[in-house]
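Below is one structure, written out as structure tokens; comments come after it.
Each value in this text was obtained by applying a stated rule to the coordinates, not by laboratory testing. Values in this document were obtained by computation on a predicted structure and should not be read as measured data. Please note: Cβ atoms are built from the backbone with ideal geometry, for glycine as well, and neighbour counts cover all protein chains shown.
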Ligand code: NAD
Ligand code: GLY
């Protein structure tokens, strides 16, 4: 087993990210090293628990850590007030106290919900992320954003609560369905599109290797993505400025996901792929980046089997008005004006505040036409 360790340097809230094939087996030792004698409250979903909970509990048993588990239904709908209330009730019934640890074993849904619950129960207990999807390993498990969804939009209720450790076992991804793997790959390519054209090219050239085996390409993709995210989070933990760059494509994506009713019809990473393409389309139309850039970006996502146009997504009955209204719910919007991440080229994204609605509407009008 070869593992890499990164540090997210946030002073008193600093933590390690451990990445590698097989690192789940060392999760017990890692957790015990944080503080001995703690009890562990595991949060997972049915799919992940069936496949990987036993490996985690073995690792905890091996170092004598006691544990209980709450296994929730899989899917975006689990990031709801109802399930949050249920989970917190279970934590209180288990007499969870501030010396105990919550461990999120799952994808971004479990990570976001368990992190939020950990952040508010008893005014906050520590938690650990053990991400089991590619998307969670390269994005959601790092940076401390936790949330649930509301009918008004995604991730609208939550808090910043940093984990105290992230354990990303790249081998655990071998059981991940191919569609989920592609959705996670979208977030990897996103990092290159934001700030590193060489990484974007590398990720495009190694898409198959990243998605197909727990080898060096997958480990590099996870490590480099986490490193890029860690540097952004260190500089702007609470998204006062540059952290918003990580939301390239996300304002479009969140509107698409809301139109799809968070139903699994459109996965988050799929919406991000289509959203990044729309962001580059808009950048090109506003003459911010050279002609042909959006086509190149679209080619990379498309080669990885990701949707790049509304026509590639299931029919959602979304209108231009629906999408614009939802985009205005975005947490970055202010005074009824959109804030978008646009680009001057591949690897040259920037945050544009007070974006004029007219070109966005024009773009969506054309994009929504079905062939
Ligand atoms: P997910 O958590 O729903 O997991 C996807 C599916 O894969 C689920 O059915 C799950 O049961 C299954 N699964 C997970 N690991 C598996 C494994 N190893 N083998 C087999 N099946 C497995 O989805 P996701 O894509 O991981 O996360 C999406 C969520 O993450 C969204 O809610 C999004 O808003 C959130 N997110 C948060 C942040 C953040 O910074 N907090 C960043 C990006 C995304
Ligand atoms: N996924 C965007 C962020 O963590 O800021």
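Tabulated values for the structure
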{"read-out": "Matching residues in segment 213-240 - criterion: being away from ligand 1 (no atom under 15 Å from the Cβ) and over 22 Å from residue 165 (Cβ atoms)", "value": "215, 216, 217, 240"}
{"read-out": "Near pairs, Cβ below 9 angstrom, 6+ apart or cross-chain, from segment 294-305 (buried (at least 19 other Cβ atoms within 10 Å of the Cβ)) to any residue that is not in a helix (DSSP H, G or I)", "value": "297/308; 297/343; 297/346; 298/308; 298/309; 300/306; 301/307; 301/308"}
{"read-out": "Residue identified as assigned to a helix (DSSP H, G or I), without any contact (Cβ under 8 Å) to a residue 40 or more places away in the chain, at negative phi and in contact with a helix residue (DSSP H, G or I) (Cβ under 6 Å, 6 or more places away or on another chain) among 257, 270, 284", "value": "284"}
{"read-out": "Qualifying strands (runs of 3 or more DSSP E) (wholly inside segment 42-157; at least 2 residues being within 15 Å of ligand 1 (Cβ to nearest atom), under 16 Å from the mean Cα position of the chain (by Cα) and within 17 Å of residue 169 (Cα to Cα))", "value": "101-106, 126-131"}
{"read-out": "Yes/no for residue 149 being more than 16 Å from ligand 2 (Cβ to nearest atom) and over 17 Å from residue 47 (Cβ atoms)", "value": "no"}
{"read-out": "Residue that is nearest to residue 194 (Cα to Cα), among those in segment 231-240 that are within 11 Å of ligand 2 (Cβ to nearest atom) and assigned to a helix (DSSP H, G or I)", "value": "232"}
{"read-out": "Qualifying residue in segment 246-253 (condition: in contact with a helix residue (DSSP H, G or I) (Cβ under 6 Å, 6 or more places away or on another chain), without any contact (Cβ under 8 Å) to a residue 24 or more places away in the chain, within 19 Å of residue 350 (Cα to Cα) and buried (at least 20 other Cβ atoms within 10 Å of the Cβ))", "value": "yes"}
{"read-out": "Residue 211 being free of Cβ contacts under 8 Å to residues at least 40 places away in the same chain and touching a helix residue (DSSP H, G or I) at 6+ places or on another chain (Cβ under 8 Å)", "value": "no"}
